[in-house]
Each structure stands twice: as structure tokens, then as C-alpha cells.
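The values are calculated or read from the model by the stated rules, or taken from the named source; none is laboratory data. Keep in mind that this is a model prediction, so the values were computed, not measured. Cβ sites come from the backbone with ideal geometry, for glycine too, and all protein chains shown count toward neighbours. When the accessible area is computed, the model is the full protein with side chains, heavy atoms only, and any ligands, DNA or RNA have been set aside. Shrake-Rupley method; radii C 1.70, N 1.55, O 1.52, S 1.80 Å.
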Amino acid sequence: MPTALALSPHLDDAAFSCGGTLAQLANGGWTVVMVTLLTASVPGPTGFALACQLDKGLGPEVDYMALRRDEDRAAAAALGLPPPVHVALSEAPHRGYASAPELFAGTRPDDPLADDLAPVLARLMAEAAPDLLLAPQGVGGHVDHVQLVRALSARAPACPVLWWRDFPYTVRHPDPKEPFRETFAALAPVTIHLSAEDEAAKHAACAAYASQIGFQFGGPAGLAERLSAEGGREHFRLAGTLPDGLALA
């Protein structure tokens, strides 16, 4: 039974960007391991980190990341996957990034995340022995996504990699920031066609991130509209040879 390993920076990225493909793989008999890397709870958040939960209607007494980890588990179940693996690394607001603009303005020179990810990725890949990796391209330029691209690229994985287009950053601007545009332009584009069942599973998974839907999409109706506009397709760049069993558009 082949194994796919999906590496999500945040507690929603894999479902938003390639949830339908993960559901398709699972339905096709693959073992799908969804890993979310930046899930650490930080007691007593302050400043921008605290603002990131207050602006979603969650008071300072709420363990925001614990809530989001529960959402991630519900999303994985909606996709037909086993419970996700949660790695206790910290998101950017807990690493010195002090405002929303700073999240997209380039990585801080003192940001250790790429180095911290290196042994984690080595362990995950050794344990899963994946036949296929799925990971973000860093579209939008969020520093957490950028650091994951750097760390994974430095490992030069031997197995094929489907680098996903980071949704919804792909639809927020007609020409979104793409720090690795030239790198990924050299790889073959791949579009996966989602069945109605795959689409329904993806929608249910995305909706499971209830704390994020208002901020990301303006609410459930906005989520449904954005997903519908994707036309039942998910887009990638491929490093290596695509395994059999995926429905290409």
C-alpha cells in the first residue's frame, strides 16, 4: 500500500489547498499521513499573537492552538484520513513577527524555523517512507510557508513531490507574491480533477476550521463560493514522476 505524506505549515493549509487530492488518494487505497508542523500552544500570548485570536472572537483565556488542533482532527476525518500528526513548533507570531504585514514581508534573519524543521522533516520521512510528498509552493509569501519550502527543498527528497498552490492566497490577488516562482516554473504543472465525492469531502474538511472561515472567506457562504470557483480542480507543480491512481484534469 503506497504512502503519501502531506506537510502542512498551519492547521488548515493542506485541507484548503489539496484536501480533494488527499481524499482521492485515501479512496484509492493509499495511506495518507497529514502532518501539521506549527501547532504549539503558547501560554499567555501577548501582542500580535494574542490579537490573532481576539480578532476571531476568542478571548485570552482560550487555548487557540488546542482549539485549532481539534479542528484539524475533524478536517482529517472529513477527508477519510487518520488523525493528523501535530508537531509542536511555533507559528510566526510567536517567533517575533509582530504584525500581519510582517508575515508577508520576508523572513527575519533571526528566524530559526527552517533549521528547526530540518530534523523534524528527516524524522517524518524516515518514519513514513513516503512514495509521494505534498507540500506548499509558498504562494502568497507567508513566512511560515516560505520556511517550509526552504527546509524541504534543502532535503532534496528522493520521492516525487506535488507542490501545491497555496489556496486561498492564490485567489486574493490577480498576481500573488511567489518567492519561488522561477524555481517552480521549471517543474511540470499538474492539475488533479476532483470527483463530486472528493469535492464534498474537501468542502466538509475546510468547513471544519470554523475559527478561520470568517477571517479567510467571510463565512460559510464565502467558503462555498470560493471552492465552487475552483471548478473541482487542484493545481500543483511536480518534481519527479506522478504515481498512478490520480485523476488528471
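I need the helices (runs of 4 or more DSSP H) fully contained in region 134-249, keeping only those with at least 1 residues that are touching a Gly at 6+ places or on another chain (Cβ under 9 Å) and farther than 29 Å from GLY28 by Cβ.
In region 134-249, the matching helices (runs of 4 or more DSSP H) lie at 143-155, 169-172, 210-217, 220-229.
For THR107, state whether it is without any contact (Cβ under 8 Å) to a residue 12 or more places away in the chain and either surrounded by 14 or more Cβ atoms within 10 Å (Cβ to Cβ) or of a type in the set (S, T, N, Q) (or both).
Values: without any contact (Cβ under 8 Å) to a residue 12 or more places away in the chain: no; either surrounded by 14 or more Cβ atoms within 10 Å (Cβ to Cβ) or of a type in the set (S, T, N, Q) (or both): yes.
The answer is no for THR107.
Going through PRO109, PRO82 one at a time, which residue ends up being closer than 21 Å to ASP12 by Cβ and assigned to a loop (DSSP other than H, G, I, E, B)?
Numbers: PRO109 fails: closer than 21 Å to ASP12 by Cβ.
Only one candidate passes the filter, namely PRO82.
Identify the single condition in (1) open to solvent by less than 40 Å² (accessible area, probe 1.4 Å); (2) over 12 Å from THR36 (Cβ atoms); (3) in contact with a helix residue (DSSP H, G or I) (Cβ under 8 Å, 6 or more places away or on another chain) that GLY96 does not satisfy, given that it satisfies every other one.
Unmet for GLY96, out of (1) open to solvent by less than 40 Å² (accessible area, probe 1.4 Å); (2) over 12 Å from THR36 (Cβ atoms); (3) in contact with a helix residue (DSSP H, G or I) (Cβ under 8 Å, 6 or more places away or on another chain): (3).
Could you check region 169-183 and list, in sequence order, the residues that are modelled with pLDDT of 95 or more and over 12 Å from GLY141 (Cα atoms)?
Result: GLU182, THR183.
Suppose we filter region 1-49 for residues that are part of a strand (DSSP E or B) and open to solvent by 10 Å² or more (accessible area, probe 1.4 Å); how many remain?
Here the count works out to 3.
Answer yes or no: is there a residue in region 125-147 that is touching a helix residue (DSSP H, G or I) at 6+ places or on another chain (Cβ under 6 Å) and surrounded by fewer than 17 Cβ atoms within 10 Å (Cβ to Cβ).
Pass one, region 125-147, residues touching a helix residue (DSSP H, G or I) at 6+ places or on another chain (Cβ under 6 Å): 134-144, 147.
Still in the list and also surrounded by fewer than 17 Cβ atoms within 10 Å (Cβ to Cβ): none.
No, every residue in region 125-147 fails to be touching a helix residue (DSSP H, G or I) at 6+ places or on another chain (Cβ under 6 Å) and surrounded by fewer than 17 Cβ atoms within 10 Å (Cβ to Cβ).
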